[in-house]
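Below is one structure, written out as C-alpha cells, with a few remarks after it.
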Amino acid sequence: MTDLTATTTDIDSRLEGHRVELTGYCYRMLGSAFEAEDAVQDTLVRAWRSIEKFEGRSSLRSWLYRIATNVCLDMLNAGNKRARPVDLTGPTPLAQAALNPLPENTWLEPMPDGRILPSVADPAEAAVARESVRLAFVAALQHLPPKQRAVLILREVLAWKASEVAELLDTSVASVNSALQRARATLTDHQDDAATADAADPLDEEQRKLLERYVAAFEGYDMKALTALLHEDAIMTMPPFDLWLQGHDDIAGFMTSIGASCAGSKLIATSANGTPAFAHYKPNPEGPGFVPWAVQVIDIQDGAITGMHCFLDTPRWFPLFGLPDHLDADAA
C-alpha cells in the first residue's frame, strides 16, 4: 500500500486534481466534449475502485493516463470518427444552400478552454496546449488509428518520453517511434490552414480590435463592415447542418437570406478550443430579450477572420459553457 490510503478526502482531492488535463487528453482522443467528460469520469471511478492495487511503481499521473487511454481506446473501438463539415463535403454555393442536419455523433464538438487547458507557468507549454485543441488539429487527429492518436498526443503534445509511452501502451520503444512517424505523416496530409491560425492567448491589440469590429458588424448586421473583416476565402460552418460556405460574399449573402432572422443579435465573449469564441443570442421571436442560438468559434489569421464555426445545438452547448439561457434586453 502507498500513502494514497490516507483519507477518502485526500484520495478524492488527488484524483480530482488531474481532471482538467485528463479531459483535455480524452477530448483530443475522442473529439467530443461530452464523451471526453464521460471518459474522465469513468477513469476516476476506476481509479478510485482500484486505488488499493496502485503500488506506486509509476506516478499517480501516469497510472491515470493509462486508465484513461484504455477507456478511450474502448470507446473508439466502436469506429465512430468525428468530423467538421469541411471534412465531409465541398463548400456549397449560396444558390444551392440547404440546411440538412446530420446525427450528433457525426460532428467534432467545441470545448470550453477552462475544461481542457490546465494552468501552466511555461508560455511555450501553454501555447502547445492551446494549438493542440484547435478544431482543425483535433479534426486531423480523427484520421489517425486510435493507438497512433494516443502516441502522437502523448509524445508531441504532452512531451512524454518514448519509453514512458511504451510502458503505458505495453509495447516497445521501437513500436512507439514507428507509430509516431506514421502519425506525423498522416497528420501532415490532413491538417489545413486553420490549424496554423494565430495564437490567441493573450490576444494582442490588433486581434482585440479585429474582434471588437466583428462584434459591432455582426450585432449591427452590417454586411459591408463584416465582409471587410473576413478573409476572402473565409469559411462558415453550422453543425449539425452539413452545409458550409466559403468566401466572404457567400457568407454575407447567407446571413441576409436564410440567416436573416439573426439580425439584431447579441454576442457575448467566451473562449473555446484555444481560440476566441462568442455566445450568439438572437432576438426572442416569442417575447422580449434574446435566446441562445449558437456558440461561435472564431479563427483568426494574418489580421483577418478565416473561420466562423457556429455550433447550433444550444441546449447542449450553453450549459457546458456556463452561459445563461436567456438575455434580458437591458442586460444585453
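The values are calculated or read from the model by the stated rules, or taken from the named source; none is laboratory data. Remember, it's a predicted structure, so these values are computed and weren't measured experimentally. A quick note on method: Cβ atoms are made from the backbone with ideal geometry, for glycine too, and the neighbour counts reach across all protein chains shown. SASA here: full protein model, heavy atoms, side chains in, ligands and nucleic acids out. Shrake-Rupley method; radii C 1.70, N 1.55, O 1.52, S 1.80 Å.
Go through (1) surrounded by fewer than 18 Cβ atoms within 10 Å (Cβ to Cβ); (2) touching a Phe, Trp or Tyr at 6+ places or on another chain (Cβ under 8 Å); (3) at pLDDT 95 or above for LEU229 and report which single condition fails.
In the conditions (1) surrounded by fewer than 18 Cβ atoms within 10 Å (Cβ to Cβ); (2) touching a Phe, Trp or Tyr at 6+ places or on another chain (Cβ under 8 Å); (3) at pLDDT 95 or above, LEU229 misses (1) alone.
How about the stretch 202-249: which of its residues are touching a Ser or Thr at 6+ places or on another chain (Cβ under 9 Å) and of a type in the set (D, E, K, R)?
GLU219, ASP233, ASP242, ASP249
This table checks each residue for (1) farther than 27 Å from PRO202 by Cα; (2) under 25 Å from the mean Cα position of the chain (by Cα); (3) free of Cβ contacts under 8 Å to residues at least 60 places away in the same chain.
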site	(1), (2), (3)
ASP222	yes, no, yes
ILE235	no, yes, no
ASP242	yes, yes, no
THR256	yes, no, yes
GLY259	yes, yes, yes
ALA263	yes, no, yes
ALA277	no, yes, no
TYR281	no, yes, yes
GLN296	no, yes, yes
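Take the stretch 299-310 and flag every residue that is surrounded by fewer than 23 Cβ atoms within 10 Å (Cβ to Cβ) and either modelled with pLDDT under 95 or closer than 18 Å to CYS262 by Cα (or both).
Of everything in the stretch 299-310, those that are surrounded by fewer than 23 Cβ atoms within 10 Å (Cβ to Cβ) and either modelled with pLDDT under 95 or closer than 18 Å to CYS262 by Cα (or both) turn out to be GLN301, ASP302, GLY303, CYS310.
Suppose the filter is over 23 Å from TRP244 (Cβ atoms), of a type in the set (Asp, Glu) and either in a helix (DSSP H, G or I) or at pLDDT 95 or above (or both); does GLU55 pass it?
no
Assuming GLU125 fulfils every condition listed in (1) open to solvent by 50 Å² or more (accessible area, probe 1.4 Å); (2) of a type in the set (D, E, K, R); (3) touching a Ser or Thr at 6+ places or on another chain (Cβ under 6 Å) apart from one, which condition is it?
Among (1) open to solvent by 50 Å² or more (accessible area, probe 1.4 Å); (2) of a type in the set (D, E, K, R); (3) touching a Ser or Thr at 6+ places or on another chain (Cβ under 6 Å), GLU125 violates only (3).
Consider the stretch 142-157. How many of its residues are in contact (Cβ under 8 Å) with a residue 40 or more places away in the chain, within 23 Å of ALA174 (Cβ to Cβ) and surrounded by 20 or more Cβ atoms within 10 Å (Cβ to Cβ)?
Residues in the stretch 142-157 being in contact (Cβ under 8 Å) with a residue 40 or more places away in the chain, within 23 Å of ALA174 (Cβ to Cβ) and surrounded by 20 or more Cβ atoms within 10 Å (Cβ to Cβ): 5 in total.
Output the residue which, of all residues in the stretch 67-90 that are within 30 Å of PHE54 (Cα to Cα) and of a type in the set (Val, Ile, Thr), is surrounded by the fewest Cβ atoms within 10 Å (Cβ to Cβ).
For the stretch 67-90, the residue satisfying everything is ILE67.
With the requirement that a residue be part of a loop (DSSP other than H, G, I, E, B) and open to solvent by 40 Å² or more (accessible area, probe 1.4 Å), what does the stretch 198-220 give you?
ASP198, ALA199, ASP201, PRO202, LEU203, ASP204, GLY220
Just a yes or no: is a residue in the stretch 91-112 open to solvent by less than 10 Å² (accessible area, probe 1.4 Å) and among the acidic types (Asp, Glu)?
yes
Exactly one condition in (1) open to solvent by less than 60 Å² (accessible area, probe 1.4 Å); (2) more than 20 Å from VAL297 (Cα to Cα); (3) of a type outside the set (Phe, Trp, Tyr); (4) part of a loop (DSSP other than H, G, I, E, B) is false for SER119; which is it?
Condition (1) is where SER119 drops out.
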